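**Q** What follows is a single structure, and I will ask about it in a moment.
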């Protein structure tokens, strides 16, 4: 897909609203009982960044960013200021053969744990990956693809060895959900944009 490896202006995204969204169809029977059908097994975040625009300069910066992305055509990195860090995350268990492991972030660890796939880690933010508690060296013992979130080891971790990321930061793969830049002229020499929807791009199921 058409992706630009740039980050949405962070000062504007800081004032945004929105977050994770699932889609579930709920059917209420005549008896009052419910039937629920999970249409989206994986999260897809939605945001509105209009609240993040504080002045004319920020609106001008947003206009430039919108032009460069051609509206909805090109996706980008977006910082969700409410959820952008990973702490003490297990990303897999070695089997002696597998060399590739996907970065994830786990929520509510336990029997109902949800594992979110992380495809856009922030370059330079990841602590050294640990195997069985031993820190390894990036670009020597393993490589990280910062466009997919895939970790590839030069030697497959041994059977039963835990693979962990102590700390890291990540971005949301996102795009504008409009093709029209239509701010309102509120006052002389000032404009505002009432709604600026941004949606997460789902890279994988």
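The values are calculated or read from the model by the stated rules, or taken from the named source; none is laboratory data. Note that this is a predicted model, so its numbers are computed, not measured. Ideal geometry is used to build each Cβ from the backbone, glycine not excepted, and the neighbour counts take in all protein chains shown.
**Q** Here is a list: 143, 123. Which entry is under 27 Å from residue 6 (Cα atoms), over 18 Å from the mean Cα position of the chain (by Cα) and either in a loop (DSSP other than H, G, I, E, B) or at pLDDT 95 or above (or both)?
**A** Values: 123 fails: over 18 Å from the mean Cα position of the chain (by Cα).
The match here is 143.
**Q** Same structure, new question: Which of (1) exposed (fewer than 14 other Cβ atoms within 10 Å of the Cβ); (2) closer than 29 Å to residue 70 by Cβ; (3) at pLDDT 90 or above; (4) in contact with a strand residue (DSSP E or B) (Cβ under 9 Å, 6 or more places away or on another chain) is the odd one out, the single condition residue 199 does not satisfy?
**A** (1)
Quick grid of which residues meet (1) surrounded by 18 or more Cβ atoms within 10 Å (Cβ to Cβ); (2) at pLDDT below 95; (3) in a loop (DSSP other than H, G, I, E, B):
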| residue | (1), (2), (3) |
| --- | --- |
| 82 | no, yes, yes |
| 91 | yes, no, no |
| 101 | yes, no, no |
| 155 | no, no, yes |
| 168 | yes, no, no |
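Residue by residue, here is whether (1) out of contact with any strand residue (DSSP E or B) (no Cβ under 9 Å at 6 or more places or on another chain); (2) without any contact (Cβ under 8 Å) to a residue 40 or more places away in the chain holds:
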| position | (1), (2) |
| --- | --- |
| 94 | no, no |
| 99 | no, no |
| 112 | yes, yes |
| 127 | no, no |
| 131 | no, yes |
| 136 | no, yes |
| 141 | no, yes |
| 153 | no, no |
| 162 | no, no |
